[in-house]
Structures are given as structure tokens and as C-alpha cells.
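What follows is a short report on a single structure.
The values are calculated or read from the model by the stated rules, or taken from the named source; none is laboratory data. Just so it is clear, the model here is predicted, and its values are computed rather than measured. Cβ atoms come from the backbone with ideal geometry, glycine included; neighbour counts cover every protein chain shown. Ligands, DNA and RNA are stripped out before the accessible areas are found, and what is left, the full protein with its side chains, is counted by its heavy atoms. Shrake-Rupley method; radii C 1.70, N 1.55, O 1.52, S 1.80 Å.
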Amino acid sequence: KRLTLFKEFEEANKTAQQQNQSREKEIDRLVAEANQMLQGATNAGLARAFNDASVKYGGEADEAKKGFYWSIVFLVASVLPLVAYVFPIPYLDVVSAPTSTGVTLGGVLSRIVFLFPGVWLTSFTALRYSSLFQLHREYAFKAAIAMSVDGFKMQAPEYKEAIAGTAFIELAT
């Protein structure tokens with residue numbers, strides 16, 4: 001009876017080992033697929049985040065461009081009194097220099113002070129637009145890199161480690 005039980009145990013053990021081997025292969029396959037999906041999800045998540053940032057900064061850059069245009073209008077409006085003083089305009093005696101006394105250096109310098117807010121506003125909005133436009137470009141570039149990593153790896157599987165490293169360095173900088 002013991003021999004029969006031992007024989008049944010050995011057969012059950014062999015069957016269990018065979019089943020475990022097939023299960024192990026299935027587990028390895030599922031883990032590999034999960035890792036591939038996780039890697040794709042990571043790249044997709046990065047691409048999405050970079051694309052969202054690119055869209056955000058692109059919208060802010062458009063608003064900054066409008067602000068820049070308005071600052072130029074303000075600058076031109078602040079220049080007009082100085083131009084009217086230097087080049088007398090008939091019927092505008094309020095801002096124009098009296099033709100009998102002429103234009104004085106002190107009069108010009110005192111009116112130049114009115115240009116400072118317009119110049120400052122224009123330079124500020126130009127710098128802001130430039131910065132936001134640069135951010136928009138950088139994040140769009142990073143989104144493109146993050147989206148293309150998996151495709152590059154599939155096209156050149158022997159270089160996938162180098163491709164991933166290069167992409168990581170580009171995204172980090």
C-alpha cells in the first residue's frame with residue numbers, strides 16, 4: 001500500500017512539476033507583456049504630460065503676444081506727445097511747442113520721462129513672449145521624443161538600450 005501511495009505521489013509530483021513549468025512560462029510571458037505595457041504607458045504618460053505643458057505654454061505665449069502688441073500701441077501713444085512737441089502740429093497748442101520759442105533740450109528731456117513706462121512694458125512683454133514661446137517649443141520637442149521612443153526601439157531592437165538612454169538624457173535636459 002505504501003508503494004502504491006508513493007507511486008501515486010511521484011506521479012502527482014511529476015504532473016505538478018510539469019504544470020508548474022507551463023505556469024512559469026505563462027507567468028514569464030505575462031510579466032514580459034506587463035513590463036512592455038508599463039514601459040509604453042510610461043512613455044505615453046510622459047508624452048501626454050509634455051504635450052499638455054506644450055499646449056499650456058503655447059496658449060500663454062499667444063496671450064503674451066497679444067499683450068506685446070498692446071504694449072506697442074501704448075508705446076506709440078506715449079511717444080506722440082514727444083513727437084508733437086518736437087514737430088509742432090497746428091491746432092495742438094496744448095502739447096506742441098510754441099513756434100516762437102522753439103524746441104528746447106529741457107522740454108524734450110522732460111517729455112522723454114513719459115516714454116519709460118511704455119519702453120519698460122514693451123520690453124517686459126517681449127521677454128515674456130520669448131520665454132513662453134521657448135518653453136512651448138521645448139515641451140513640444142520633449143513630447144515628440146517621448147512619443148517616438150517605442151517606435152525607434154521597434155525599428156532598431158539591437159540599439160534599444162542606447163535609444164532609451166539617449167531619450168532619457170534629452171528629456172532630462
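Data overview
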{"read-out": "Residue in region 3-22 that is surrounded by fewer than 10 Cβ atoms within 10 Å (Cβ to Cβ), of a type in the set (D, E, K, R) and over 20 Å from the mean Cα position of the chain (by Cα) present", "value": "no"}
{"read-out": "Long-range neighbours under 6 Å by Cβ, at least six apart or interchain, first residue more than 13 Å from residue 131 (Cβ to Cβ) within region 56-73, second acidic (Asp, Glu) and not in a helix (DSSP H, G or I)", "value": "none"}
{"read-out": "Tally, over region 42-72, of residues that are among the hydroxyl-bearing types (Ser, Thr, Tyr) and within 16 Å of the chain's Cα centre (by Cα)", "value": "2"}
{"read-out": "Residue 166 being more than 27 Å from residue 72 (Cβ to Cβ) and among the polar types (S, T, N, Q)", "value": "yes"}
{"read-out": "The lone exception for residue 82 - which of (1) in contact (Cβ under 8 Å) with a residue 60 or more places away in the chain; (2) open to solvent by less than 60 Å² (accessible area, probe 1.4 Å) it fails", "value": "(1)"}
{"read-out": "Subset of region 31-85 (residues that are of a type in the set (Ser, Thr, Tyr) and within 30 Å of residue 119 (Cα to Cα))", "value": "54, 57, 69, 71, 78, 85"}
{"read-out": "Count - residues of region 33-63 that are hydrophobic (A, V, I, L, M, F, W, C) and modelled with pLDDT under 80", "value": "6"}
{"read-out": "Verdict on residue 28 being within 30 Å of residue 164 (Cα to Cα) and open to solvent by 60 Å² or more (accessible area, probe 1.4 Å)", "value": "yes"}
